[in-house]
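Report on one structure; see the data block that follows.
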Amino acid sequence: MFDLDFLTEQERDFVREAAKESDMSERAVIRQALRLLNEHRKRLADGETCAWSGDAERARRFIGPALSRIDE
């Protein structure tokens, strides 16, 4: 088992659930998430766009404080 103390309880639960569902270790789930984030950031830096469907509140919970800068 991998030490997840640096995560919130909700994040730990997600990592454990994702690991179980995908038959991966918790460490592998976190590494995959980092690779996906890195790829996403590279593509945005290269000028690609990303759009999320749904309401603004769901987007705000996902993006966090950065969304307020986008709304301005």
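Readers should treat all values here as calculations from the given coordinates under stated rules, not as data from a laboratory. Keep in mind it's a predicted model, so treat the numbers as computed, not measured. A quick note on method: Cβ atoms are made from the backbone with ideal geometry, for glycine too, and the neighbour counts reach across all protein chains shown.
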Could you work out the percent of alpha carbon pairs in region 7-48 separated by over 15 Å, rounded to a whole number?
49 percent
Here, Gln10 and Ala45, labelled 7 Å along Cα→Cβ, have an inter-label distance in nm of 2.9 nm
Picking from Ala59, Met24, Leu44, whose Cα lies most toward the positive end of the charge dipole for region 9-71 (charges on Cβ: Lys, Arg +1; Asp, Glu -1)?
Leu44
Taking 25 °C and 0.890 mPa s as the conditions, I'd like the Stokes-Einstein D for the chain in µm²/s, using the Kirkwood hydrodynamic radius from alpha carbon pairs.
171 µm²/s
If the chain between Arg35 and Glu57 were fully stretched, how many nm would it gain, using 0.36 nm times the residue separation less the Cα-Cα distance?
5.3 nm
What order do you get for 15-22, 45-52 when each peptide is scored by the mean count of other beta carbon atoms within 10 Å, highest first?
15-22, 45-52
